[in-house]
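The next block holds one structure in the form of structure tokens; read it before the comments.
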Amino acid sequence: MKNLFSCLISSFIAFAGFSPINAQSFLKKYNPYEIGPTGRNIEDLAGFAKPNQMFSVVPNRPIVATDSSGNKQYYSPSGNLSLSISKEGKATFTLNSVTATLDADGKLEKLERQLKGTNIVEIQNEHGNILGYKELGLGGKPIREYDKDNNLSTTYEYDKYGKNMVFSTNEMSKRKTVFNDKGQMLYDLDFEGNPVKKYEYDENGKLAKTTDENGIATIFDGHQNMLYTELNGQVVSKFTYGYDSHGNYVLKSSMDMETEDITYYDKGNQTYTINKNGEKITDYCWNGTTLVFSFSLMTQETTWYDVDGKTLYVTVDTPEGAKITTKYLYYKGQQVGMWDAVNLALTILNNERYEMSLNFAPVNKIVDNDKKITEVDTGTVGNPEYIEVDSEGHPVNTWVGSEDGKIKVEYKCYKEPSAEDVKEWVEAGILDKKNFFGPL
């Protein structure tokens, strides 16, 4: 604990520009856990209180405690949370308006700093990249979260007293999580109000099981570590844990039971994946806490990520250089589609849920309403695309080459769709297949 506390202070020294002398004098002058003239140090208190107990001082304020997730928490006599240590060894330390998160080795992972004169908290990674923002309400509780580009990503609703959270909403998917009066998640609803996930707890109030809309159940142990997932009684994946060099109980690997692929982890981050023959099939490249890219040795494709974890695009190396094969389309932070640049196919999402696909690839036959098949010389029209509609002008998903006169294909000059295009089509009613127009 002493070494960890030193690492925490050292990080704030570097961040705030304190000199070593000032930092040492600060530690000597003030100990937030001091009680009376002599006081107790942190090691003494940690040894005194068992993990599931508290040690309190007048006026009944906790000094050290363990929460329901197994995180050990230390408080000042004024009741403010000063230090939290997760069961994986990560530490969160607060000083004035700045909160730092360190890994088990004492390396800085994240900084949260309240912007002066506002109720906005800026969140940065260890490299100084902005990951997002939090807006605080009464009592310092978060009421809204924003992504790095200031797009609203999450909202929180509390009861009339502002004490208990009632529900939270992912503003990108419009998915809502409902809580009970104990602060436990009960179930999730999609943007149409359909239940898509439920949460179950054991007799001690700890999360024991979740079940999604596909019937896949995730089982947790008494320390809220994922043990395995199952579908219809068959195990789909399982997770293995062990102790790291600091004695923390951490995730070591996960296994896909169908393919028998195993992914290994270090400090919670994927490092590589092997197949059932022990051959490496995927590599993961991290820059600290930021996943930069993953590389598939099977397809020779590289998937690239943004600093906040969003998938950007997929590339493959060619003699002419890297070529984009897939683009992920975002509109104001919300993923609205995926563009397959190889097959010229567009996947359209509605509130980040799959809705439909459009194929823009050239074909050499047109079936019109007169049941006549017309050959088309695609070589003379460059790189065409087609929009598929039925006899009433409604779009269809795939060209099936039917001769029943119900499919009509219209050629136009090919243009790669943008996120703005997809958003415009969705708002124009393409998902209802009622108000389709030739957008390109």
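The numbers here are math on the coordinates, done by the rules we state, and not lab data. Note that the coordinates shown come from a computational prediction; the quantities given were computed from them, not determined experimentally. Don't worry about glycine lacking a Cβ; one is built from the backbone with ideal geometry, like all the others, and counts go over all protein chains shown.
In this structure, E279 and E427 have a Cβ-Cβ separation that, at R0 = 41 Å, corresponds to a calculated FRET efficiency of about 0.30.
In this model, which of K206/K327; K87/K141; K116/K267; K163/K310; K87/K197 are farther than 28 Å apart at the alpha-carbon? Walk me through the numbers on the way to the answer.
Details: K206/K327 40 Å; K87/K141 24 Å; K116/K267 33 Å; K163/K310 32 Å; K87/K197 26 Å.
K206/K327; K116/K267; K163/K310, as the Cα separations exceed 28 Å there.
Taking Cα centre as origin and charging only the Cβ of basic (Lys, Arg, +1) and acidic (Asp, Glu, -1) residues, the dipole magnitude of region 224-339 rounds to 280 debye. Packing here is the average count of other Cβ atoms within 10 Å per residue, and on that basis the peptides 418-430, 266-278, highest first, run 418-430, 266-278.
Restriction of the chymotrypsin sites (Phe, Trp or Tyr not before Pro) in region 114-204 to DSSP coil positions whose beta-carbon has at most 11 other beta-carbons within 10 angstrom yields Y161.
When a footprinting reagent is the concern and you count Cβ atoms within 10 Å, what order do E135, E279 take, fewest first?
Working: E135 16, E279 10.
Placing the least packed residue first, the sequence is E279, E135.
Could you tell me whether region 202-258 comes out rounded, prolate or oblate from its Cα gyration tensor? Rule is a ≥ b ≥ c as square roots of the eigenvalues, rounded for a/c under 1.5, then prolate if a/b exceeds b/c, otherwise oblate. Kindly include the intermediate steps, with their values, before the conclusion.
On the way: a/c = 3.45, a/b = 1.35, b/c = 2.55.
In terms of gyration-tensor shape, oblate.
A cut-off of 5 Å between modelled amide H atoms, ignoring neighbours fewer than 5 places along the same chain, links K110 with T101.
Near T325, the amide H atoms lying under 5 Å from its own belong to V314, T315, V316; only residues 5 or more places off or on other chains count, and H is placed 1.01 Å from N. Distant-in-sequence amide contacts of G137, defined by a placed amide H-H separation under 5 Å and a gap of 5 or more residues or a different chain, comprise I143.
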